[in-house]
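Reviewing the structure listed below.
Coordinate-derived values only; no laboratory data. Remember, predicted model here, so these are calculated numbers, not experimental data. Cβ: placed from backbone, ideal geometry, glycine included. Neighbour counts: every protein chain shown.
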Amino acid sequence: MDLTEHFKCMAITTFIGYKALLNNETPVACIIKDIKTNKIISIGYNYTNKSLNGTQHAEFIALQRFKNKNINYNDLVLYVTVEPCIMCASYLRQLRIRKVYFGCGNDRFGGNGTILSIHSDNLLNSTYQSICGICRTEAIQLLRNFYIQENESAPTPKLKKNKDIESKLFPPNQFTITKEEFIYNLGEERLRIFEDGSLELTPRLNEGYNVKDFLKLEELKRIPFLEQELGDITQQQIDSFGSLFYSIEGDGSINYEMVVLKYTT
Ligand SMILES: [Zn+2]
C-alpha cells in the first residue's frame with residue numbers, strides 16, 4: 001500500500017504547525033481535504049495565545065470556516081499533527097466527519113484512543129476512524145522545539161523538571177488502532193511496525209523519507225488561508241523547517257545520526 005499521498009498531506013500539515021510556531025503559537029495544525037475533489041479546503045492551527053481563548057484549537061479554526069455553509073462532512077478527511085483532544089474529538093463526531101489522520105498521540109487529553117475513544121465509542125451512533133502514526137516523530141519534534149524555546153525564554157527556566165523534552169529519543173510507537181484497522185488503512189505488509197514499537201511508518205515500504213521531501217513552495221503558496229493568515233512562505237522557511245527533523249530510514253528506524261537544528265526565534 002502506497003501511503004505517499006497521506007504523508008504529503010501530513011507534511012503540509014506539519015509545515016502549517018511550523019508557521020504557527022513562527023507566529024508564537026503552539027505548533028499544532030490541521031488541514032481538511034474534500035475526498036470528492038481531492039483538494040484542501042480548510043486549514044487550522046492552534047490560536048489560543050493570540051486569541052487568549054483556550055478553546056481555539058486547530059480543529060475548531062478549520063471547521064468554523066464552514067459555518068452557515070452547506071457541507072457534507074462525510075466527504076471530509078481531517079489531517080492533524082496531534083491527536084484531537086476530547087473536546088475536538090466529540091465535535092468531529094457530532095459533525096459526522098468521515099475520517100481523521102493524526103501524527104502523534106495526545107497523552108493528556110487525547111480523545112481518539114489515547115485517553116478516551118470518543119471517535120469509536122459505540123454508545124452513540126456515527127463513529128469515525130482515526131488513524132495514527134503518519135509523521136509521528138515530526139509532530140513530536142515540532143512540539144519539543146516549542147517547549148524548549150518557551151522554557152529558555154522564561155524568566156525562571158524549569159528545564160530540570162522537563163529535561164526529557166531535549167532528549168533525542170522518541171517514545172515508543174504505540175498504535176491506538178486495532179490490528180484490523182492497521183491492516184486495512186496502512187497495509188498488512190507493515191505489520192512489523194505495528195508490532196515492534198520502535199519503528200515508524202514510511203510512505204513506501206523499504207524507502208526512507210524526510211518530511212521536507214514532500215514540500216514544494218508553489219504548492220504551499222496555493223493552500224487556502226495559509227499565507228493570508230500566517231504570513232508569506234519562502235524557500236528559506238521550508239529549508240529551516242526541514243533542518244528540524246530526523247530522516248526515517250527504509251526499515252522505519254529513526255536516523256539519530258543526523259544533525260538536527262533547534263528552533264530559535
Ligand atoms: Zn482540541
Calculated FRET efficiency for the pair E180/R204, C-beta based, R₀ 25 Å, to 0.05: 0.65
If you take every DSSP beta bridge fully contained in the chain, what fraction is antiparallel? Give it as a percent rounded to 5. 65 percent
Starting at the first residue of segment 104-110, write each ³J(HN,Hα) from the Karplus equation 6.51 cos²θ - 1.76 cosθ + 1.60 with θ = phi - 60°, in whole Hz, x for Gly and Pro. 10, x, 10, 5, 9, 10, x
If the label point sits 7 Å along Cα→Cβ of S117, residues of segment 184-205 with amide N under 13 Å come out as none
Of the listed peptides 77-89, 204-216, what is their order by residue-averaged count of other C-beta atoms within 10 Å, with the highest listed first? 77-89, 204-216
For S247, list long-range residues whose amide hydrogen, built 1.01 Å from N in the peptide plane, is under 5 Å from its own amide hydrogen. N255
Under a Cβ-Cβ cut-off of 9 Å, what is the net charge of the residues other than F182 that fall near it, where Lys and Arg count +1 and Asp and Glu count -1? -1
Most packed first (mean Cβ within 10 Å per residue), the peptides 189-200, 142-153 order as 142-153, 189-200
Out of residues 5 or more away from F102 or on other chains, whose amide H comes under 5 Å of its own, with H placed 1.01 Å from N in the peptide plane? V80, I131, C132, G133, I134
Convert 20 °C to kelvin, take the viscosity as 1.002 mPa s, use the Kirkwood radius over C-alpha pairs of segment 200-265 as Rh, and evaluate the Stokes-Einstein diffusion coefficient in µm²/s, rounded to a whole number. 160 µm²/s
Quick one: 3J(HN,Hα) in Hz for segment 7-14, Karplus 6.51/-1.76/1.60 with θ = phi - 60°, rounded, Gly and Pro as x. 5, 4, 4, 6, 5, 4, 4, 5
Sorted by average packing, counted as other Cβ atoms within 10 angstrom per residue and highest first, what order do 40-51, 16-27, 63-74 take? 16-27, 40-51, 63-74
From the C-alpha gyration tensor of segment 1-148, square roots of 5λ in Å: 21, 17, 17
I need E180, E227, E249 ordered by Cβ neighbour count within 10 Å, fewest first. E180, E227, E249
How big is D for the chain, in µm² s⁻¹ as a whole number, if Stokes-Einstein is applied with the Kirkwood radius of its Cα pairs at 10 °C and 1.306 mPa s? 85 µm²/s
Under a Cβ-Cβ cut-off of 11 Å, what is the net charge of the residues other than K221 that fall near it, where Lys and Arg count +1 and Asp and Glu count -1? -2
At R0 = 25 Å, FRET efficiency that the Cβ-Cβ distance of Y147 and N23 yields, to 0.05: 0.95
So for segment 1-75, what percent of the C-alpha to C-alpha distances run longer than 18 Å? 43 percent
